[in-house]
Structures are given as C-alpha cells and as structure tokens.
Number of protein chains: 2
Amino acid sequence: MSLLQRLSFNQMTADPWTLEQVVRNCSSSGISYIGVWRHKLEGGAAEAAAMIRSEGLTVSSLCRGGWFSAPTAAERRRHIEDNRRAIEEAALLGAPVLVIVSGPANGQTLSDARATVMDGLMEVLPDAEKAGIVLGVEPLHPMYAAERSVVVTLQQANDIVDQLESPAAGVIVDAFHVWWDPDVMAQIERARGKIVGFHVSDWSVPLPGILMGRSMMGDGVIELRKLRLAVDAAGYTGPIEVEIFNDEIWKNADSGLLEFTQQRFIQHV
Amino acid sequence: MSLLQRLSFNQMTADPWTLEQVVRNCSSSGISYIGVWRHKLEGGAAEAAAMIRSEGLTVSSLCRGGWFSAPTAAERRRHIEDNRRAIEEAALLGAPVLVIVSGPANGQTLSDARATVMDGLMEVLPDAEKAGIVLGVEPLHPMYAAERSVVVTLQQANDIVDQLESPAAGVIVDAFHVWWDPDVMAQIERARGKIVGFHVSDWSVPLPGILMGRSMMGDGVIELRKLRLAVDAAGYTGPIEVEIFNDEIWKNADSGLLEFTQQRFIQHV
C-alpha cells in the first residue's frame, strides 16, 4: 500500500460537512478511509455503515470511548454503559478500533482518576474482545490533562496496554499529542505490535488555541516524517488519520480541502 | 522556618509594579523572599541588590538564563555570553539560583536543540561554579515545547543535572509545569539533594490562555499540597516561589494582593 493510500480523513477535519458529504468527497478524491465520530452518526450506526460501504470507503476508527473517571459510582456506571454502546457502534461500522480518550480527573485526584480509567478499561475489555474491536488507548497532550485525559504520555498508554494484555487493547499515536516527549521514539518502539492507529496534524507557532490548536501538516514544528517512519519501523502499516480541529480550515472547507490535505500528507507525512 | 516564611513572591505575579514597589510591599507584608526577573532590573543589578537588601529582603532566584538553542553558531555564542552576564547579575543580587529556561528548538530539530542545551549548560557551568551560583534547570510544561523550552519533563531535567554532576547544577520544580506527569512523584524523589527551587500557581479550568494561563493557588486543579509535601520529603527546605502570569491579577494588583497570596499559600500549598 502506498503512503497516500494509507490516508484516512477524520471527519472532524471538515466539521461543517455532514457524514454523507465527507464520505462522498473522500470517495471522489480517491481517499479510502475515514475516521468517524459518534456524535456525527446521524440516523444511527447501521445506516451510516451502509452509506459508507456503498461509497467504497472503510472506517479506520470510531471516536470515542473512554471518559471513565467520575466522582460517583452511578456516573461511572453510565460511562461504562456508554462504552458498551460505542463498542457496538464500532462493530456495526466495521471500525477495527474504538479510540479511547480516558477523560479528565473530573473531581477525583489524578491517581484515583487514573485507577478509575484502568478499572473502566478492564470492565469493557471483554465486550471489545467479543465484538472483535480493539480499544485504542490514546494519550492526549498534557495540556488536556485537566479537561480531557489523565492519560498523557505514550509510556502511560503502553503501561496500560501491557497490563490489559489482550489483542483487544492497543495504543494510538497522535503526533500532536506526543511530539514533545523526549521518550517518544523509545515508546513507539516499545509499542511494537500494539500500535492500532497513527494520527497526524501539526503544531503551529503561536498555537491558535488550546482546544482548537491543531494545524495542517507542514504549518508547524512537528517532525511528522520522523514520527511516521518510527511508527512504520515499529510495524504499523495501517491507515494514518488526518485529524485537525482548526477554525480556519472549518470556515474554508470546500472541495479543494481534500486535495490540499493529500498534497500536504505526501509532502510532510 | 514556618511554611509562610518560605513564601517568595516572584515579581512577575505583580507585573505592573516596579521592582521597588514589589520590594517595599513585600517588606511591609512580612514576605522575606522575592524572585527577580532580569528585564525588571531597572538601573542595574548592583543598585537593585542594594535596594532589596536595605528592605531586608532576600532574592530566592533570578530568572532567567538558558535559551541556548539557535540555528547559527554566532547566535549560540551570543546566548552563552548572555548566560555569563546572568550569572554575574545573580551573584550581585545574592541570588543562589539562576533559573534556566532552555529555549525552544528555534529552527533546529528537537534532538539537536536538546544537545545544544546540554552543550550550553556545560559551557557556562564553570562560570556558575566560580560565582557560587546554581543553574536551576526548570522543565516547562510540554505546551511550551515549541516556543520556550525543549526541556519538558522532570525526568529530562534530572537526566541533565545527573550528567552535569556539579554542585552548581540543580532542578526547579514548578507545579504548573509538572503536575500532569504520571512520573512526577518518582522524579521528585529522584531529585533529592538537587532540588533548588519550588514554584507554585494553579491550573484553572478552562485555562485562560497558553502564555498567560496560570491562576492563584486554589483556583485550579493542581494538587499543590501533595507536591509540596513530596518536595519537602525529598529534602528541599528553601523558599517557595509564587509565580503567576495572569491578566486579571495584574489588572487588579493592589495592596491586598500580597495578603491574599499569603492566605492562599497557607490554605493550598
């Protein structure tokens, strides 16, 4: 498979488009994979799956499960149930991977929250195994520790996946989240055989914002090629998701966006 | 020394005040230490030192040296010279510690920039040793990796200080920069005998911004007490700097700020 064929267009890169628009535009641009978000599944996962399949596309991952930490047992229980639904949706979509964003401390201490994440993963792991879905533990950049994810390094994700010890548990390497880490190359190598996703975008200077901080590949300082070669060398040959939350890209998302994304992907990834 | 006596007021917490105002206000509030920034040394370090001493205050640290990485040898040379001046200024001020902010990649690759930081530290270390100044290597939060510091974890700072192997090299633990790190408690313990500063502020949700993101202790999610006890347990008994860059605090910096800072310090640190 050529590098370009590995490109998966995560639908959040073109947030203003409906899922159907994303799918049709990808299809006519020769993009074979898309990354899907649950809140975009208008009309349910089964219908979306049929529509995606009819256009010849494959879902690389469904985002997201996780968000396990909560101050009360009842709330944690609801989160577990929601993860079970997410696993079912991933199965319906034919997505091999459910992206796990662990969630913030959410009123707990960091270490309690981290323990809750581990408990939550252990609880839903059998469901993932039965469904043939891999839980892709994605460390988020430490600047999201307070609001989105107490899992913040690839080392931590590797530790979790080692403990889960199951074919249904892997790690996702998102360049935006891990590029700064002095240990990233060693941890990518350590993740050999456990990498179930590679996501790309860029870190521009100055950063446009915290939650909307990502840029198109080539517009920032991340050594994307180096990271991609490391992920390749660790044996990952699957789709590479372009996932960019960026107000300017969203405002200007037109028919040229996919071609531009493909160009930048080839040049920088 | 009581906890409150360890409070050092970093002058950037009240940016609108002149150095003399900070010193006088600290003096009348019973604060014994201040953290000084080089760009605030109006009239030179010797005069500032005399003024600070006449008010009975002690400088806990001078900020900052470092910023070693640069694409050209000539620019790196200028940075080295600037670090030598910073060491001299620290000596004039009686500051035991020069805070080292390593600088961003600045056009180099991350690994080249990190090597440049090590080279720079090795080059100025003899000057620090002669002057009796400790270079305090401060890891910055990974969200500053692109703009301010390629040194982003306490593990990395510990590795650097281990390599420098000198009484003139230590680490600074800034709660805002390291709180998210799953390895922080182990790295604080590892830094035993090498901790030369502890800085506090808070991480509020949502974060007000990237460069101006800090908040008053108690307004955020950092487990400050836990970190302070860990730093204490690792043998650090020196001043604890309150260093907050926050537009609201700057706008409203009046005579009540120091008392408020002291209250929050006692409650949360």
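The values are calculated or read from the model by the stated rules, or taken from the named source; none is laboratory data. No experiment lies behind these values; they were computed from the predicted model shown. Every residue, glycine as well, gets a Cβ built from its backbone with ideal geometry; the counts of neighbours run over all protein chains shown. Remember, those area values only see protein heavy atoms, side chains included, never the ligands or the DNA or RNA. Shrake-Rupley method; radii C 1.70, N 1.55, O 1.52, S 1.80 Å.
Tabulated data for the structure shown
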| quantity | calculated |
| --- | --- |
| Shape of the range B:1-108, Cα gyration tensor, a/c cut at 1.5 | prolate |
| Average partner coverage of A:131-143, which counts Cβ from other chains inside 10 Å | 2 |
| Residue-averaged [θ]222 nm for the protein assembly as shown, counting only DSSP H segments that reach four residues, each worth -39500 (n - 2.57) | -13000 deg cm²/dmol |
| Of the GluC sites (Glu not before Pro) in the range B:136-244, those whose Cβ has at most 11 other Cβ within 10 Å and which sit in DSSP loop | B:165 |
| Heavy-atom accessible area, 1.4 Å probe, ligands and nucleic acids excluded: residues of the range B:159-188 down by at least 20 Å² from chain alone | B:179, B:180, B:182 |
| Average partner coverage of B:204-214, which counts Cβ from other chains inside 10 Å | 3 |
| Separation between Cα centres of the range A:68-144 and the range B:185-260, rounded to whole Å | 31 |
| Amide H contacts of residue A:37 (H built 1.01 Å from N, under 5 Å, at least 5 apart or other chain) | A:11, A:63 |
| Relative contact order [Cα under 8 Å, 6+ residues apart], chain B, whole percent | 19 |
| For chain A, accessible area per residue (1.4 Å probe, heavy atoms of protein chains only), Å² | 37 |
| Accessible area buried between chains B and A, both sides summed, probe 1.4 Å, in Å² to nearest 100 | 2000 |
| Ratio of the Cα radius of gyration of the protein assembly as shown to 2.2 N^0.38 Å, where N counts its residues | 1.04 |
| Sequence-separation-based contact order of the range B:81-187, relative, with Cα cut under 8 Å and 6+ spacing, percent | 29 |
| Computed log₁₀ I(q)/I(0) - Debye formula, equal Cα scatterers, no solvent, the range A:106-253, q 0.08, 0.10 Å⁻¹ | -0.23, -0.36 |
| Apportionment of accessible area to carbon and sulfur, the range B:124-269, percent (1.4 Å) | 51 |
| Cα gyration tensor, the range B:137-189 - rounded (a/c under 1.5), prolate or oblate | oblate |
